[in-house]
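Taking it in order: structure first as structure tokens, then the write-up.
The values are calculated or read from the model by the stated rules, or taken from the named source; none is laboratory data. On a predicted model such as this, the values are computed, not experimentally measured, just so you know. For neighbour counting, all protein chains shown are included, and Cβ atoms are generated from backbone atoms with ideal geometry for every residue, glycine included.
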Amino acid sequence: MKKIVVFASGSGSNFQSICDFFQYKHRFEVVALVCNNKKARVLALAKKYQVETTLVNLNFFQSEDFLNELNILNPDLLVLAGFLWKIPNKIVKNFRNRIINIHPSLLPKYGGKGMYGINIHKAVIKNKEKQSGLTIHYVNEEYDKGGIIFQKIVDVDVKTPEELSEKILKLEHRYYPEIIKKILYD
């Protein structure tokens, strides 16, 4: 059984697409959700899917105790799905090449600290980019600098950041679970 731990901070739409995808695939299990926002909608989704939840504050997140909890879970993959904190270096080192993130731009463009969600799409529209997309990449010690696993390009044929966000989010839901499965079996 391949074990997945998902990290999320917000609405949980990618968490939901991952859980839906793996729900009846018996070789995979989402064993835990790590969340840093006690008001996040993803917490209700975790309850719905009966996924164990760990709510973290910054001190605990950066502690050896949290790293030990992750090690006890023994996950095959840590999956960031809208998680807005940088992963501590000790976790990156401990789970080298077993942490992935999805980013709503074509990295290296529009990556780095502060570049998330609607901020990215506003910049893409403002700069009149012809294309945008999504990137799935490994997590290393720097924001959005890990090795690229997959990119999907889309034409920017919309007028608002919100429309672009919606267009890319649909692709995230389609491709992220598939790439997770591929990583776990390659």
Do we have I87 as within 30 Å of Q23 (Cβ to Cβ), touching a helix residue (DSSP H, G or I) at 6+ places or on another chain (Cβ under 7 Å), of a type in the set (V, I, T) and at pLDDT 95 or above here? no
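Can you report the number of residues in region 35-47 which are part of a helix (DSSP H, G or I), of a type outside the set (A, V, I, L, M, F, W, C) and within 21 Å of I72 (Cβ to Cβ)?
Residues that pass the stated criteria total 0.
Taking K113, is it surrounded by fewer than 17 Cβ atoms within 10 Å (Cβ to Cβ) and at pLDDT 95 or above?
So K113 fails the test.
Based on what the data block shows, is Y175 of a type in the set (F, W, Y) and within 14 Å of the chain's Cα centre (by Cα)? Before you say what the answer is, go through the steps one by one.
Numbers: of a type in the set (F, W, Y): yes; within 14 Å of the chain's Cα centre (by Cα): yes.
Considered against the rule, which asks whether it is of a type in the set (F, W, Y) and within 14 Å of the chain's Cα centre (by Cα), Y175 comes out as yes.
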Could you check, for region 64-76, whether at least one of its residues is within 14 Å of I4 (Cα to Cα), among the β-branched types (V, I, T) and more than 18 Å from the chain's Cα centre (by Cα)? yes
Restricting attention to region 75-110, report how many residues are surrounded by fewer than 19 Cβ atoms within 10 Å (Cβ to Cβ) and among the polar types (S, T, N, Q). 3
Any residue in region 136-153 that is under 24 Å from K3 (Cβ atoms) and either at pLDDT below 95 or in contact with an Asp or Glu (Cβ under 8 Å, 6 or more places away or on another chain) (or both)? yes
Starting from residues that are part of a strand (DSSP E or B) and without any contact (Cβ under 8 Å) to a residue 40 or more places away in the chain, keep the ones in region 1-34 and report whichever is farthest from L67 (Cα to Cα). E29
Of the residues in region 35-65, those that are touching a residue at least 12 places away in the same chain (Cβ under 8 Å), of a type in the set (A, V, I, L, M, F, W, C) and surrounded by 13 or more Cβ atoms within 10 Å (Cβ to Cβ) come to C35, A40, V42, L43, L45, A46, V51, L55, V56, F61
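Condition first: of a type in the set (K, R), within 21 Å of N89 (Cα to Cα) and in contact with a helix residue (DSSP H, G or I) (Cβ under 8 Å, 6 or more places away or on another chain). Now tell me which residues in region 103-156 satisfy that.
Within region 103-156, none qualify.
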